[in-house]
Amino acid sequence: MATQTDVSTWRSYEKPGFSARFPSEPTRQTQHISQSGLNIDLTIYKSDLGTSHYTVSYVTYPSSVDVSNPQNNLNGAVNGALQSSGIENPHLVKQVPNTVNGSPGMEVEARADNGYLLLEAIL
């Protein structure tokens, strides 16, 4: 049985556009993504606790990206996260649209051969 993680001891980390709590000071890396004619930088903040990995990542879309249908953007973000997460053979367990501070979002749970992914994508 999985134990509940006590997040009350985690450190708050605030950047423009998001705030998060991590079990330790997160590392930061940037990955350049070039896909479907889109060239963007993905910024990743990551902290580990045991075998669990806690990550906040974001991209700033250039003005050339069509955001008129947020569902398309969210689906793309979820698919990209599943492909780059390192989990093997992910199977969606839950995919539910939501709204976070007025912005469209998507909650996703996926199980895989080597792990579990809980993701919240927010535009």
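Some notes on this structure:
- Pairs meeting the criteria (first residue in the range 59-74 and over 13 Å from SER103 (Cβ atoms), second residue surrounded by 10 or more Cβ atoms within 10 Å (Cβ to Cβ) and hydroxyl-bearing (Ser, Thr, Tyr), beta carbons under 9 Å, at least 6 apart or on different chains) are VAL59/THR43; THR60/THR43.
- Among the numbered conditions (1) out of contact with any Gly (no Cβ under 9 Å at 6 or more places or on another chain); (2) part of a strand (DSSP E or B); (3) under 30 Å from THR9 (Cα atoms); (4) of a type in the set (A, V, I, L, M, F, W, C), the only one that ALA121 does not meet is (1).
- Residue within the range 104-123 that is within 16 Å of the chain's Cα centre (by Cα), among the polar types (S, T, N, Q) and under 24 Å from GLN31 (Cβ atoms) present: no
Let's see how each residue does on (1) among the hydrophobic types (A, V, I, L, M, F, W, C); (2) over 29 Å from THR5 (Cα atoms):
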residue: GLN71; (1), (2): no, yes
residue: ASN89; (1), (2): no, no
residue: ALA110; (1), (2): yes, no
residue: ASP113; (1), (2): no, no
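- One residue stands out among those in the range 49-105 that are closer than 14 Å to LEU118 by Cβ and part of a loop (DSSP other than H, G, I, E, B): the one that is least open to solvent (accessible area, probe 1.4 Å), which is ILE87.
- Only residues that are hydroxyl-bearing (Ser, Thr, Tyr), open to solvent by 50 Å² or more (accessible area, probe 1.4 Å) and either touching a Pro at 6+ places or on another chain (Cβ under 9 Å) or assigned to a strand (DSSP E or B) (or both) were counted in the range 30-48, giving 2.
- Every pair of residues 6+ apart whose Cβ atoms lie under 7 Å, when the first sits in the range 110-122 and is within 11 Å of LYS94 (Cβ to Cβ) and open to solvent by 90 Å² or more (accessible area, probe 1.4 Å) while the second is part of a strand (DSSP E or B) and at pLDDT 90 or above: ARG111/VAL93; LEU118/GLU109
- Applying a threshold of 9 Å to beta carbon distances and a minimum spacing of six or more residues, or different chains, the list of pairs starting in the range 1-20 at a residue that is assigned to a helix (DSSP H, G or I) and ending at one that is open to solvent by less than 90 Å² (accessible area, probe 1.4 Å) and at pLDDT 75 or above reads VAL7/PRO23; THR9/PRO23.
- Filter result for ASP48 (among the charged types (D, E, K, R) and in contact with a Ser or Thr (Cβ under 8 Å, 6 or more places away or on another chain)): yes
The values are calculated or read from the model by the stated rules, or taken from the named source; none is laboratory data. Not measured: the values here are computed from a predicted model. So basically every Cβ, Gly included, is an ideal-geometry build from the backbone, and we count neighbours across all protein chains shown. Heads up: the accessible areas ignore ligands, DNA and RNA and are worked out on the full protein's heavy atoms, side chains in. Shrake-Rupley method; radii C 1.70, N 1.55, O 1.52, S 1.80 Å.
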